Amino acid sequence: MPRRTASPLLRCASLLVLAGPVLAEPAPSPSPTPPRPAPVAARPGGSGALAAGPRVAAALLAEETVSQGAWKKLEWLTDRIGNRISGSPAADRAVAWAVRTMAAEGADAARAEPVLVPRWVRGEGSVEVTAPTTRPLAFLALGGSVGTDAYGMSGPVVAVSSLEELHAKGGEVAGSVVLIDKPIVPNGGEKDGYGAGSKLRYYGPPEAAKLGAVGMVIRSLGTSSMRLPHTGGTGYEDGVARIPAAAISAEDADLLARLLASGDRVEACIRLTSRTLADVWSANAVGELRGRERPDEIVVVGGHLDSWDVGQGAIDDGAGVVVAMETLRLLRALDLRPRRTVRAVLFMNEENGLRGGEAYARDHAAELAHHVAAIESDSGGARPIGFYLDAGAGASERFLELLQPLSGTGVAHLLGKDDTGADLSPLAQSGIPRLGLRQDMTHYFDWHHTEADTLDKITRDELALNAVAMAYAAWALAEDAEPLARAVPLPVLTPVPRKGSR
Ligand SMILES: [Zn+2]
């Protein structure tokens, strides 16, 4: 347990932990029982998904609209458990809650599958301008950052917008605090620059350190700012000095840029008590509904259960988690038991390690040949707009055909193949058809990885549509007579560095 300063706030938190039973999460009470349509299971041995699809889609929509099952779970996860970084007590509570809830809602099996995770602790600190004026900046340490001593690390600010520009500065960087100042563009989440920006965030500290920098700050990777800093993972290289790294708000990056433009010498100081502790055991939460004909064949639905340690982890990725959990509940509530098994996997440690995704691929290696599809939702809880799909020849056409009963919801679209979810990337080695349920991301990067990632950013109706889209897609893929064609297996992926998390 990290030593903590005894502020009144932390003392209160400690008392709550000691109180124990106060925080024991019950499984949510069963959803009210509205009048339900007649059971809609496909005819055993019949042509399957296409024949029953329209009735299944309508039944799922009716059930979720009335029950709001996904919303109730998300409300509990965000308001009662809150943010849940890997290795934290809140992450442990989230795993226990998810397993208990899936069991209480009728899953045939629900379990925690152990995953060894990194344990990074944010601590406290400050980022300040110290010349030509003094001003505290709105900041969040980047995940994985080292801390400093009580005096912090200070130096003249050198601003760049790319790693090329950083290297071009050469000797000017020695002893400096590097500011990486590269705005990302709000354009609905597509080609917004987040992927490129997250590489700057990840590689910035080691590249700056190689040139002698003493610290790095980066303009937050956000598409809107009300002086909100956005955290996210950063990286270090063996044999290269580890320098403290933080994100500052867009407004504060602009302040530094204006001061630099004046020609004055601008200095900044970073003080952090962040630190990385020893790895600890955590878990992926797994639940499943066994298939009626081919229980050994598996369709995975998932999201990531961990979040950053700010806000509530509602859009990233509480929404994906509850949509996967709700898939099991919906299929059970409607007496839909497809041919194949549907398995919800709530991955741990997507944000700062991907250990959950790697552990799943490793621990289930023997059955990956029988995984027929895996779907992840990790782009928020706004209106669903379609799916990414990475699979073999003819799979797109067939999946689009299967989706047609959802055409009235706006989700019956294929968007490409390159964004099917970080947690599923280790499955690429096996050629499993991988899918990503995609939401309208117009505002996603306004709140992503910030204190403002809270439940109010999601509406009940849009979350319900996501649950229906995920449940329907899982049902169709688990019911269809033939699985989608598999993709060409990719070579073993190196886990990090990787594209920034969604
Ligand atoms: Zn995410």
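Scan the strands (runs of 3 or more DSSP E) fully inside region 142-227 and keep the ones with 2 or more residues being over 27 Å from the mean Cα position of the chain (by Cα).
Result: 153-160, 177-180.
Does residue 444 satisfy being touching a residue at least 40 places away in the same chain (Cβ under 8 Å), away from the ligand (no atom under 16 Å from the Cβ) and in contact with a helix residue (DSSP H, G or I) (Cβ under 9 Å, 6 or more places away or on another chain)?
When the stated conditions are applied, residue 444 does not pass them.
Working carefully through the options 430, 407, find the one that is without any contact (Cβ under 8 Å) to a residue 60 or more places away in the chain and either more than 16 Å from the ligand (Cβ to nearest atom) or touching a strand residue (DSSP E or B) at 6+ places or on another chain (Cβ under 8 Å) (or both).
407
Out of 219, 201, 242, which single residue is among the charged types (D, E, K, R), in contact with a Pro (Cβ under 7 Å, 6 or more places away or on another chain) and within 30 Å of residue 277 (Cα to Cα)?
219
Against the condition crowded, with 20+ Cβ neighbours inside 10 Å, outside the structural domain of residue 193 (by TED's automatic domain parsing) and among the small types (Gly, Ala, Ser), how does residue 467 come out, does it pass?
In short, yes.
Checking residue 333 against (1) surrounded by 24 or more Cβ atoms within 10 Å (Cβ to Cβ); (2) away from the ligand (no atom under 16 Å from the Cβ); (3) among the small types (Gly, Ala, Ser): exactly one of these is not met. Which one?
Going through (1) surrounded by 24 or more Cβ atoms within 10 Å (Cβ to Cβ); (2) away from the ligand (no atom under 16 Å from the Cβ); (3) among the small types (Gly, Ala, Ser) one by one, residue 333 breaks only (1).
Suppose the filter is of a type in the set (Ser, Thr, Tyr) and in contact with a strand residue (DSSP E or B) (Cβ under 7 Å, 6 or more places away or on another chain); does residue 67 pass it?
In short, no.
Kindly establish whether residue 110 is under 25 Å from residue 362 (Cβ atoms), buried (at least 24 other Cβ atoms within 10 Å of the Cβ), in contact (Cβ under 8 Å) with a residue 40 or more places away in the chain and of a type outside the set (Ser, Thr, Tyr).
Working: under 25 Å from residue 362 (Cβ atoms): yes; buried (at least 24 other Cβ atoms within 10 Å of the Cβ): no; in contact (Cβ under 8 Å) with a residue 40 or more places away in the chain: yes; of a type outside the set (Ser, Thr, Tyr): yes.
No: the conditions fail for residue 110.
Looking only at region 353-388, count how many residues are away from the ligand (no atom under 13 Å from the Cβ) and assigned to a helix (DSSP H, G or I).
The total comes to 13.
For residue 77, indicate whether it is in contact (Cβ under 8 Å) with a residue 24 or more places away in the chain and under 16 Å from the mean Cα position of the chain (by Cα).
yes
Can you name the residue in region 293-318 that is farther than 17 Å from residue 121 by Cα and surrounded by fewer than 24 Cβ atoms within 10 Å (Cβ to Cβ) and is also farthest from the ligand (Cβ to nearest atom) among such residues?
Per the criteria, the residue is 293.
For region 410-427, which residues satisfy the criterion of being in a loop (DSSP other than H, G, I, E, B), away from the ligand (no atom under 16 Å from the Cβ) and within 18 Å of the chain's Cα centre (by Cα)? Spell out how you get there, then give the answer.
To start, the set of residues in region 410-427 that are in a loop (DSSP other than H, G, I, E, B) comprises 410-413, 417-421.
Now narrow it down to the ones that are away from the ligand (no atom under 16 Å from the Cβ): 410-413, 417-418.
The answer is 418, and nothing else.
Which one of 434, 486 is surrounded by 17 or more Cβ atoms within 10 Å (Cβ to Cβ), outside the structural domain of residue 300 (by TED's automatic domain parsing) and modelled with pLDDT of 95 or more?
That would be 486, the only listed residue that is surrounded by 17 or more Cβ atoms within 10 Å (Cβ to Cβ), outside the structural domain of residue 300 (by TED's automatic domain parsing) and modelled with pLDDT of 95 or more.
Assuming residue 123 fulfils every condition listed in (1) in contact (Cβ under 8 Å) with a residue 60 or more places away in the chain; (2) farther than 16 Å from residue 272 by Cα; (3) touching a strand residue (DSSP E or B) at 6+ places or on another chain (Cβ under 9 Å) apart from one, which condition is it?
Only one criterion in (1) in contact (Cβ under 8 Å) with a residue 60 or more places away in the chain; (2) farther than 16 Å from residue 272 by Cα; (3) touching a strand residue (DSSP E or B) at 6+ places or on another chain (Cβ under 9 Å) is unmet by residue 123, namely (2).
Among the residues of region 243-272, write down those that are part of a loop (DSSP other than H, G, I, E, B) and buried (at least 17 other Cβ atoms within 10 Å of the Cβ).
Those that are part of a loop (DSSP other than H, G, I, E, B) and buried (at least 17 other Cβ atoms within 10 Å of the Cβ): 243, 244, 249, 266.
What's the number of the condition residue 441 fails, among (1) buried (at least 20 other Cβ atoms within 10 Å of the Cβ); (2) in a helix (DSSP H, G or I); (3) at pLDDT below 95?
Failed condition: (2).
I need a count of the residues in region 419-445 that are charged (D, E, K, R), out of contact with any Gly (no Cβ under 6 Å at 6 or more places or on another chain) and under 25 Å from residue 71 (Cβ atoms).
Matching residues across region 419-445 total 1.
The values are calculated or read from the model by the stated rules, or taken from the named source; none is laboratory data. Please read these numbers as outputs of a predicted model, since none were measured by experiment. Because the Cβ atoms are built from the backbone with ideal geometry, glycine has one as well, and the counts that use them run over all protein chains shown.
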